[in-house]
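Following: one structure in structure tokens, then a few remarks.
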Amino acid sequence: MPRLNEHFTAKERSVPLNGFCDSRFLGVLEAFQENYRQEDEVGSAVSVVLDGKTIVDLWGGWKDGARTQPWQHDTIVCMMSVSKGITGLTFSLLLDRGLVSLDAPVARYWPEFAAAGKERLPVRYVLDHRAGLPIIQDPLYPGAIYDHEATCRALAAQAPLWEPGTVAAYHIHTQGFLLGEIVRRVTGKTVGTFLREELASVLDADFQIGGLSEHDQLRCAEVMPNMEARLFAAREAESDSLRGKVFVQNPPEPWPTTLNSRPWREHEIASGNGHGNARAVARIYGAFARGGELDGHRLVSPETLQLITTEQHNITELMQERPYHQALGVLLNTPAAVYMGPNPHAFGHHGIGGSIGFGDADARLGFSYACNRMHAVGTNGPRAARLIDALYRAL
């Protein structure tokens, strides 16, 4: 494959470019460069795994907004809600091993959760955002987003905001705490530890939730949120709305400060603070897109993969007023909200600002794009779409 270590010109600026690209997929390379010419890209990476083989692995631009530190092979970045998909796939290992049942009540594994009428609320509704717990109704203190025990106690004690199963509302932060506590009760390990030991290490995939070491923090790209994005703006602009109430537990500081802070990188917020790179996420989805196996490592059975990628509902959810083809822990292709190419059965998850990871079992591929400067549009945006379209044109 052609290997790259060069620069190209974009907006009168020389941009570093590294990696490799199969000659059949040079359109993806061209699209990657075009993102720097047409969009406000600072640093990014894209990777594609096709039938178990990495055929595109590109990275370029800069780790920092000042454009002084080139994006490196081992650079990682907070991929925001891409974390939800990886957490969902991690959770599927419990389903595959028979340790958790979809239609069993959460309280079977987490007895305290039975309070306030939730004794029969099934695991399924946590995975598909119909649990009725998208916010903590009695707010905790600012900064409690980093207090796993306090957050889980509050969720266990709280009554659902509506009858579980009747309404879809994107559980922006709470889904990760709910799934993470089930993982901890069943395995004795936090979700970040379980992910690292049972999925990421097995696949040699550089993705982690919380627990970033000093060395890992030095590898992190600076995250640059676009404050025109409705979700970021909601904390101040819509403080009385359901959206705004999501962030009451966040530290009282600007979003850029939070997302680049040591606490954000060190604590486990399984729905939003996964740090990794496109290479890792594409490899994980590439394994699941091959029926749950890669390089001799069987993660889940094809039957479990079919189970978790079966649509549960297609409801316009309340939190961001988006239609989602919702599966279990992952989304199915929903071009109006998250674009994953031409296959309606593709599964994965995007993150606010543009990052995305998905698998396509029909094409047997895993795809991921990661960026540090976020855009404001509601979908995964033009940068990812340009790369995805170039990929599928070459298939």
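The values are calculated or read from the model by the stated rules, or taken from the named source; none is laboratory data. All figures in this text were calculated on a predicted structure; none of them were measured in a lab. Positions of Cβ are generated from backbone atoms using ideal geometry, with glycine treated the same way; all protein chains shown enter the neighbour counts.
Annotations for the structure displayed:
- Residue among GLU303, GLU311 that is outside any strand (DSSP E or B), at pLDDT 95 or above and within 30 Å of LEU161 (Cα to Cα): GLU311
- Test: residue in segment 5-17 that is of a type outside the set (Asp, Glu) and part of a helix (DSSP H, G or I): no
- LEU179 being hydrophobic (A, V, I, L, M, F, W, C), buried (at least 22 other Cβ atoms within 10 Å of the Cβ) and assigned to a helix (DSSP H, G or I): yes
- Inside segment 20-53, residues that are under 21 Å from GLY381 (Cβ atoms) and either assigned to a strand (DSSP E or B) or not assigned by TED's automatic domain parsing to the domain that holds ILE284 (or both) make up a count of 6.
- Residue that is farthest from MET319 (Cα to Cα), among those in segment 105-131 that are of a type in the set (Val, Ile, Thr) and in contact with a strand residue (DSSP E or B) (Cβ under 9 Å, 6 or more places away or on another chain): VAL106
- Looking only at segment 185-213, residues that are hydrophobic (A, V, I, L, M, F, W, C), in contact with a strand residue (DSSP E or B) (Cβ under 9 Å, 6 or more places away or on another chain) and within 19 Å of GLU266 (Cα to Cα) come to 7 in all.
- Some residue of segment 279-288 being out of contact with any Phe, Trp or Tyr (no Cβ under 7 Å at 6 or more places or on another chain), assigned to a helix (DSSP H, G or I) and surrounded by fewer than 19 Cβ atoms within 10 Å (Cβ to Cβ): no
- Residue among ASP57, ASP103 that is among the acidic types (Asp, Glu) and part of a strand (DSSP E or B): ASP57
- Any chance HIS275 is modelled with pLDDT of 95 or more, closer than 30 Å to LEU29 by Cα and either assigned to a strand (DSSP E or B) or touching an Asp or Glu at 6+ places or on another chain (Cβ under 9 Å) (or both): yes
- When restricted to residues that are crowded, with 23+ Cβ neighbours inside 10 Å and either on the phi > 0 side of the Ramachandran plot or touching a Cys at 6+ places or on another chain (Cβ under 7 Å) (or both), segment 349-380 contains 3.
- A single member of ARG184, ARG153, ARG130 is among the basic types (Lys, Arg), farther than 23 Å from GLU321 by Cα, modelled with pLDDT of 95 or more and surrounded by 17 or more Cβ atoms within 10 Å (Cβ to Cβ), and it is ARG184.
- Restricting attention to segment 25-72, the residues that are touching a strand residue (DSSP E or B) at 6+ places or on another chain (Cβ under 8 Å), within 17 Å of PHE367 (Cα to Cα) and without any contact (Cβ under 8 Å) to a residue 40 or more places away in the chain total 1.
- For the condition touching a helix residue (DSSP H, G or I) at 6+ places or on another chain (Cβ under 8 Å) and at pLDDT below 90, LEU242 does not qualify.
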